[in-house]
Each structure stands twice: as structure tokens, then as C-alpha cells.
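A quick write-up on the structure given underneath.
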Amino acid sequence: MFERAIFSAAVHRVEDLPPDQGMEIAFAGRSNAGKSSAINTIVNRRRLAFSSKTPGRTQAINFFALGPHRFLIDLPGYGYAAVSKRERRSWGTLISAYLQTRNSLCGLILIMDIRHPLTDLDRRLLTWIAALGKPAHALLTKADKLPRAQAMTALRHVEDSLARDFPGFTAQLFSSTKKIGVEQARAVAAGWLK
């Protein structure tokens, strides 16, 4: 299913969102945490979602179709972005409208750099998702940047924090570069899309 992914739409305004039908998994996280890279790795494509070293590269809600009425959604990053405050506010409005009104949203993949997990903005997003009754799964990206023992310690810390503050939400190690955790991430997403 994931390797059939194709670009479907880029949405810059709430009123341009496609019909709210089917099933969608949204990928969200801080700017430059690795959202686009994670999507590319999961679908086994090099440049389906455009990634960049420049924070804030994703400036629209990008829809990638996996088949009839099944989508992966690449949301603009939050936090620092090399754009104006006005444009960041516009993205915030778009992201919040998408998350709070989209009935077809069946789960959120939260992308967090393993070296900077669970920021205040991450926690705010998880609070929104929990209030909506939707599942969330965190990918601790760039796991190859830490020694294995440190990566496992970071994962345990995040899992403990999620269990305490957001019961039912899960986390795993992930690396687009070293292909760590790809099958686990695909299994979570496939479970939500059934």
C-alpha cells in the first residue's frame, strides 16, 4: 500500500481542503524534525515529499494518496521557520483547522528529533489530539545520531512521559538514513488505515 503513494494535492487555505472522506494519517512536528524524510522512507520513495535542511520548507498541507480514500498528510512544521510571523500564523490557523475539523483523520504520527523530544509545542499538539480521541504515535527521528544506549534511554523517557500524560499514545525509534523502525512505523499506520 505505501509504495503506491502519489502526490495528490497541496492546500494553502482551509476552504481548499479536499472532501472530508476516507482515512488520513497526518504527519506533524517541529520544523526540520524530519517529517518529509520520514514519509519518503515509509513509502520507499526518495523525493515524494520534498525535504530540506532549511526549516519551514513545507508550506502547505500536502496530501499523498495511497489508494482510493487513503492518504498520508504532510503538515507544515511548527516552531522555528525561516518565514515571516504572519505566514507562520497563517500555517498555524491552517493546521489547527485541519486537525480540529477533519473527520477522516484517523491518527497522528508525531515526528520528534530524538535529541529534542516532547517540546511544549509537541505537548500542545498531543493535548489537541487526545481531546479529539484520535491515536498518536511518535517517531523519534535521527535515532542514528545517538549511541544505541542513549537512544534507548531517550525512548524510555518519552514512553514514560506519554504513559503518564497521554495514555495510549506510543513511540518508537526511527531513522530515515539507517532505515531504523520503518516496518514498525508502517505497521502502526497500516493498522489505522484498516
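Some points to look at:
- Top-ranked residue in region 161-189 [being of a type in the set (A, V, I, L, M, F, W, C) and in contact (Cβ under 8 Å) with a residue 40 or more places away in the chain; ranked as surrounded by the most Cβ atoms within 10 Å (Cβ to Cβ)]: F174
- For region 160-192, the set of residues classified as in contact with a Phe, Trp or Tyr (Cβ under 9 Å, 6 or more places away or on another chain) and in a helix (DSSP H, G or I) consists of L162, A163, V182, Q184, A185, R186, A189, A190, listed by residue number.
- Members of region 1-41 found to be of a type in the set (V, I, T) and touching a Lys or Arg at 6+ places or on another chain (Cβ under 8 Å), listed by number: T41
- Residue list for region 162-181, filter: over 21 Å from S37 (Cα atoms) and in contact with a strand residue (DSSP E or B) (Cβ under 9 Å, 6 or more places away or on another chain): L162, F166, G168, F169
- Subset of region 1-28 that is crowded, with 17+ Cβ neighbours inside 10 Å and of a type outside the set (A, V, I, L, M) - its residue that is farthest from I61 (Cα to Cα): F2
- Whichever residue in region 105-139 is of a type in the set (V, I, T) and surrounded by 14 or more Cβ atoms within 10 Å (Cβ to Cβ) and, among such residues, is nearest to I95 (Cα to Cα): I129
- Figure legend. Inter-residue proximity from region 112-123: first residues within 15 Å of R164 (Cβ to Cβ), second residues surrounded by 14 or more Cβ atoms within 10 Å (Cβ to Cβ) and of a type outside the set (A, V, I, L, M), beta-carbon distance below 6 Å, spacing 6+ or different chains. Indicated pairs: L118/S161.
- In the set I42, I6, only one residue is over 28 Å from A171 (Cβ atoms) and modelled with pLDDT of 95 or more; that residue is I6.
- Residue in region 172-181 that is in contact with a Lys or Arg (Cβ under 7 Å, 6 or more places away or on another chain) and modelled with pLDDT of 95 or more present: yes
- Number of residues in region 38-53 that are closer than 16 Å to A189 by Cα, among the polar types (S, T, N, Q) and surrounded by 15 or more Cβ atoms within 10 Å (Cβ to Cβ): the value is 2.
- Within region 90-104, considering residues that are in a helix (DSSP H, G or I) and not polar (S, T, N, Q), the one surrounded by the fewest Cβ atoms within 10 Å (Cβ to Cβ): G92
- Selected residue (criterion: modelled with the lowest pLDDT) from residues of region 11-38 that are aliphatic (A, V, I, L, M) and farther than 23 Å from K179 by Cα: V14
- Taking region 140-151 as the range and being more than 20 Å from the chain's Cα centre (by Cα) and either in contact (Cβ under 8 Å) with a residue 12 or more places away in the chain or surrounded by 20 or more Cβ atoms within 10 Å (Cβ to Cβ) (or both) as the test, only L146 passes.
The values are calculated or read from the model by the stated rules, or taken from the named source; none is laboratory data. Being a predicted model, the structure only gives us computed values, none of them experimental. Cβ atoms come from the backbone with ideal geometry, glycine included; neighbour counts cover every protein chain shown.
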